[in-house]
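A.B. asks: Please read through the structure below; I'll follow up with questions.
The values are calculated or read from the model by the stated rules, or taken from the named source; none is laboratory data. Owing to the predicted nature of the structure, the values given are computational and were not obtained by experimental measurement. Here the Cβ is made from the backbone with ideal geometry for all residues, glycine too, and neighbour counts use every protein chain on show. With ligands, DNA and RNA removed, areas are computed over all heavy atoms of the protein, side chains included. Shrake-Rupley method; radii C 1.70, N 1.55, O 1.52, S 1.80 Å.
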Amino acid sequence: ITLMHTSCTQDPPRAANAHVADELHAGLDAPDAWISPKFLYDALGSRLFEAICELPEYYPTRTEAAIFARHGAEIARVAGSGTTLVDLGAGNCAKAASLFPLLAPSQYVAIDISAEFLGDALLRLRQRFPQIAMEGLGMDFSTRFELPPQVRAERRLFFYPGSSLGNFTPEEAQGFLRRLRGQCGDDGAVLIGIDLVKDKATLDAAYDDALGVTAAFNLNALRHVNHLIGADFDVKAWRHHGFYNEARGRVEMHLEATRNQQVHWTGGGRHFAAGDRIHTENSYKYHQADAIALLERSGFEATHVWTDPQRWFAVIHAQA
Ligand code: AVI
């Protein structure tokens with residue numbers, strides 16, 4: 001695994017990366033406090049997200065998997081074989097691996113901010129598919145995007161499943177897709193999963209499940225922040241909120257202080273009153289036409305869209 005920037009999941013922990021600390025301080029000091037959703041993913045956070053994907057309420061993973069199962073052959077025909085498959089936010093690499101038999105990539109490049117978790121997953125994958133050249137990159141691709149020379153430049157197929165695009169604001173998403181387009185050359189493409197707008201009750205349940213796994217996933221951001229900037233958040237003094245904000249077309253996750261408290265971190269700190277919230281994630285839901293328009297504004301041309309019978313989720317192939 002190549003660490004492209006000092007990763008926030010590596011030891012030594014304390015503000016190993018000044019950039020990470022600056023970003024966290026800016027969010028925690030803001031009048032409406034926020035923590036970027038990328039800090040949900042340390043090794044434990046990645047495991048909790050894996051568990052979320054198994055929950056009955058969390059429909060995106062299984063709905064997207066059903067689209068790949070049903071239309072995989074056609075998707076592979078459209079995307080082509082022998083591509084340089086670049087998996088963005090690869091996590092446990094399971095989604096891409098399930099497509100290897102159909103897509104037969106010539107090189108597989110797995111990228112994730114949670115470098116340690118990715119390294120373990122790639123180790124297992126190399127044993128299962130020794131014939132595929134593989135690279136692992138531990139990097140945060142959300143704000144900058146430059147691929148190192150070991151990533152082949154020909155026929156790059158950027159695989160961005162799971163509707164992770166929804167964790168950007170639409171403006172950020174466009175910037176991100178433009179940067180992606182810049183890495184495509186003339187013959188690149190993107191295969192992207194988009195969660196579609198649906199009824200509020202389904203969305204509320206998906207982000208506030210009965211077992212409390214999503215709550216644990218959200219609260220774990222505080223443990224991760226404690227580790228990164230030497231903070232002393234008491235996880236027991238916070239509770240999870242996850243709900244669909246219909247007016248804004250997005251699910252929001254927040255952490256709410258359950259009592260008054262002073263929190264300290266290296267070089268600073270803050271008082272939180274009971275009821276104060278820290279905004280940790282947005283998960284935008286798109287109408288299919290808006291997702292296509294966003295891709296096209298970013299320099300891509302959508303060639304195919306596959307959806308499930310309920311039209312809850314879309315997989316889009318778009319050409320550079
Ligand atoms: C990774 N991302 C697409 C997930 C989502 O649905 O926005 C993260 C997540 N947050 C809460 N549950 C899952």
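A.B. asks: Within the group Asp87, Asp140, which residue is open to solvent by less than 50 Å² (accessible area, probe 1.4 Å), closer than 16 Å to Asp42 by Cβ and of a type outside the set (A, V, I, L, M, F, W, C)?
C.D. replies: Asp140
A.B. asks: All but one of (1) away from the ligand (no atom under 16 Å from the Cβ); (2) open to solvent by 40 Å² or more (accessible area, probe 1.4 Å) hold for Arg248; which doesn't?
C.D. replies: Result: Arg248 passes all but (1).
A.B. asks: Has the range 288-304 got at least one residue that is in contact (Cβ under 8 Å) with a residue 12 or more places away in the chain and over 19 Å from Ala189 (Cα atoms)?
C.D. replies: Looking through the range 288-304, none of the residues is in contact (Cβ under 8 Å) with a residue 12 or more places away in the chain and over 19 Å from Ala189 (Cα atoms).
A.B. asks: Looking at the range 274-320, what strands (runs of 3 or more DSSP E) fall wholly within it and have at least 2 residues that are open to solvent by less than 30 Å² (accessible area, probe 1.4 Å), touching a helix residue (DSSP H, G or I) at 6+ places or on another chain (Cβ under 6 Å) and among the aliphatic types (A, V, I, L, M)?
C.D. replies: Values: elements: 277-284, 301-307, 313-319.
The qualifying strands (runs of 3 or more DSSP E) are 313-319.
A.B. asks: Looking only at the range 251-273, which residues are surrounded by fewer than 19 Cβ atoms within 10 Å (Cβ to Cβ) and under 17 Å from Pro37 (Cα atoms)?
C.D. replies: To start, the set of residues in the range 251-273 that are surrounded by fewer than 19 Cβ atoms within 10 Å (Cβ to Cβ) comprises 252, 256, 258-262, 264, 266-271, 273.
Selection gives Glu252, Glu256.
A.B. asks: Return yes when Val151 is outside any helix (DSSP H, G or I) and over 18 Å from the mean Cα position of the chain (by Cα) and no when it is not.
C.D. replies: Working: outside any helix (DSSP H, G or I): yes; over 18 Å from the mean Cα position of the chain (by Cα): yes.
Yes, satisfied.
A.B. asks: So, one more: Hey, among the residues in the range 183-208 that are of a type in the set (D, E, K, R) and either at pLDDT below 95 or farther than 25 Å from Pro309 by Cβ (or both), which one's farthest from the ligand (Cβ to nearest atom)? Explain how you work it out, then say what you get.
C.D. replies: Narrowing the range 183-208 to residues of a type in the set (D, E, K, R): 186-187, 195, 198-200, 204, 208.
Add one more test, that the residue is either at pLDDT below 95 or farther than 25 Å from Pro309 by Cβ (or both), and what stays is 186-187, 208.
Numbers: Asp186: 30, Asp187: 28, Asp208: 9 Å.
Restricting to residues being of a type in the set (D, E, K, R) and either at pLDDT below 95 or farther than 25 Å from Pro309 by Cβ (or both), the top hit is Asp186.
A.B. asks: Give the range 29-50 a look and list any residue that's open to solvent by less than 40 Å² (accessible area, probe 1.4 Å) and touching a helix residue (DSSP H, G or I) at 6+ places or on another chain (Cβ under 8 Å), or say none. Outline the logic, then answer.
C.D. replies: Of all residues in the range 29-50, those open to solvent by less than 40 Å² (accessible area, probe 1.4 Å) come to 30, 33, 35-40, 42-43, 45-46, 48.
Listed by number, the residues that qualify are Ala33, Ile35, Ser36, Pro37, Phe39, Leu40, Asp42, Ala43, Gly45, Ser46, Leu48.
A.B. asks: Right, here's the next one. For Leu211, which of the numbered conditions (1) more than 13 Å from the ligand (Cβ to nearest atom); (2) in a loop (DSSP other than H, G, I, E, B); (3) under 27 Å from Phe313 (Cα atoms); (4) out of contact with any Pro (no Cβ under 9 Å at 6 or more places or on another chain) fails to hold?
C.D. replies: Condition not satisfied by Leu211: (1).
A.B. asks: Among the residues of the range 55-65, are any within 16 Å of the ligand (Cβ to nearest atom), modelled with pLDDT of 95 or more, within 17 Å of the chain's Cα centre (by Cα) and of a type in the set (Asp, Glu)?
C.D. replies: yes
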